[in-house]
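**Q** My questions all concern the structure below.
The values are calculated or read from the model by the stated rules, or taken from the named source; none is laboratory data. Note that the coordinates shown come from a computational prediction; the quantities given were computed from them, not determined experimentally. Here the Cβ positions follow ideal geometry from the backbone for every residue, glycine too, while neighbour counts run over all protein chains shown.
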Amino acid sequence: MVRFARHAGWVLALLLATAAARATAPDEYQVEAVFLLHFTQFVEWPPQVFKDAHSPFVIGVLGQDPFGSALDEAVRGETVNGRPLVVKRFASAADLSQCQILFIDHSAVKDAAGVIQSLSHTGTLTVSNVEMPAPADVIIRFLNEDRRIRLRINLDYARSAGLTISSKLLRPAQVVGTLPAA
């Protein structure tokens, strides 16, 4: 009986450690929020995407906001090339205003084709975690493979938007489109 109690203690400790690890592991949207922040470091935007030297760098969310407070927490106090980083939420395509990164939630997919077409040459990095109805597509799509977030990057759409994506971001990603000549 003592032997069982000793093993039961180890099993209980293992179960508690596993539960604690699960409780602290970030969920999909927390990881995606951090990715959105890091895109600011690995993508170059043309200077004309900002109204003036004091304009903020804007990450927009179109549709329902799946991030909760995770995106706000990720960008709090951050700057991009001296510009304050702010988050704006847009309930519908009609509410959309200028932003440098636009995350399109699944709730806005019905408006996605029109939104993507209207942004295709404006220097906006379009991002989503859902497949868009053809022929529309975002520049970066989050892929959830075996509970890991991977990226699919469409280089042709990025070039069309006037954006340059760093090879550091491209290396681990699934790349669609043509790579620039070396």
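**Q** Can you tell me which residue is farthest from Ala158 (Cα to Cα) among those in the stretch 118-142 that are in a loop (DSSP other than H, G, I, E, B) and among the charged types (D, E, K, R)? Reasoning before the result, please.
**A** So the first thing to find is which residues in the stretch 118-142 are in a loop (DSSP other than H, G, I, E, B), and the list is 120-124, 129-139.
If we keep only those that are among the charged types (D, E, K, R) too, we end up with 131, 137.
Numbers: Glu131: 17, Asp137: 11 Å.
If we take residues in the stretch 118-142 being in a loop (DSSP other than H, G, I, E, B) and among the charged types (D, E, K, R), then Glu131 is farthest from Ala158 (Cα to Cα).
**Q** Right, next: Please work out if Val86 is among the hydrophobic types (A, V, I, L, M, F, W, C), within 22 Å of Phe42 (Cβ to Cβ), surrounded by fewer than 19 Cβ atoms within 10 Å (Cβ to Cβ) and in contact with a strand residue (DSSP E or B) (Cβ under 7 Å, 6 or more places away or on another chain). Spell out the reasoning first.
**A** Values: among the hydrophobic types (A, V, I, L, M, F, W, C): yes; within 22 Å of Phe42 (Cβ to Cβ): yes; surrounded by fewer than 19 Cβ atoms within 10 Å (Cβ to Cβ): yes; in contact with a strand residue (DSSP E or B) (Cβ under 7 Å, 6 or more places away or on another chain): yes.
Yes; evaluated as a whole, the condition is true for this residue.
**Q** OK, next. Starting from residues that are more than 14 Å from Asp65 (Cα to Cα) and among the aliphatic types (A, V, I, L, M), keep the ones in the stretch 97-129 and report whichever is surrounded by the fewest Cβ atoms within 10 Å (Cβ to Cβ).
**A** Filtering the stretch 97-129 for residues more than 14 Å from Asp65 (Cα to Cα) gives 97-101, 110-126.
This time we only want the ones that are among the aliphatic types (A, V, I, L, M), so: 101, 112-113, 115-116, 119, 125.
Numbers: Ile101: 24, Ala112: 24, Ala113: 15, Val115: 24, Ile116: 22, Leu119: 21, Leu125: 25.
Per the criteria, the residue is Ala113.
**Q** To continue, here is another question. Just to check your reading of the model, which residue among Asn144, Asn129 is touching a residue at least 12 places away in the same chain (Cβ under 8 Å), over 17 Å from Ile59 (Cβ atoms) and under 18 Å from the mean Cα position of the chain (by Cα)?
**A** Asn144
**Q** Which numbered condition trips up Glu145, out of (1) exposed (fewer than 12 other Cβ atoms within 10 Å of the Cβ); (2) among the charged types (D, E, K, R); (3) at pLDDT 95 or above?
**A** The failed condition is (3).
**Q** Continuing with this model, one more query. Being buried (at least 16 other Cβ atoms within 10 Å of the Cβ) and charged (D, E, K, R) is the filter here, so list the residues in the stretch 68-83 that pass it.
**A** In the first step, residues of the stretch 68-83 are kept if they are buried (at least 16 other Cβ atoms within 10 Å of the Cβ); the result is 70-71, 74-75, 80, 83.
Correct list: Arg83 only.
**Q** Working only within the stretch 45-65, note down all residues that are in a loop (DSSP other than H, G, I, E, B) and either exposed (fewer than 13 other Cβ atoms within 10 Å of the Cβ) or touching a His at 6+ places or on another chain (Cβ under 8 Å) (or both). Even if it seems obvious, please write down each step before you answer.
**A** Taking the stretch 45-65 and keeping what is in a loop (DSSP other than H, G, I, E, B), we get 45-46, 50-56, 63-65.
Result: Pro46, Lys51, Asp52, Ala53, His54, Gly63, Gln64.
**Q** Considering only residues that are touching a helix residue (DSSP H, G or I) at 6+ places or on another chain (Cβ under 8 Å), in a helix (DSSP H, G or I) and small (Gly, Ala, Ser), which ones fall in the stretch 84-117?
**A** Of everything in the stretch 84-117, those that are touching a helix residue (DSSP H, G or I) at 6+ places or on another chain (Cβ under 8 Å), in a helix (DSSP H, G or I) and small (Gly, Ala, Ser) turn out to be Ala93, Ala108, Gly114.
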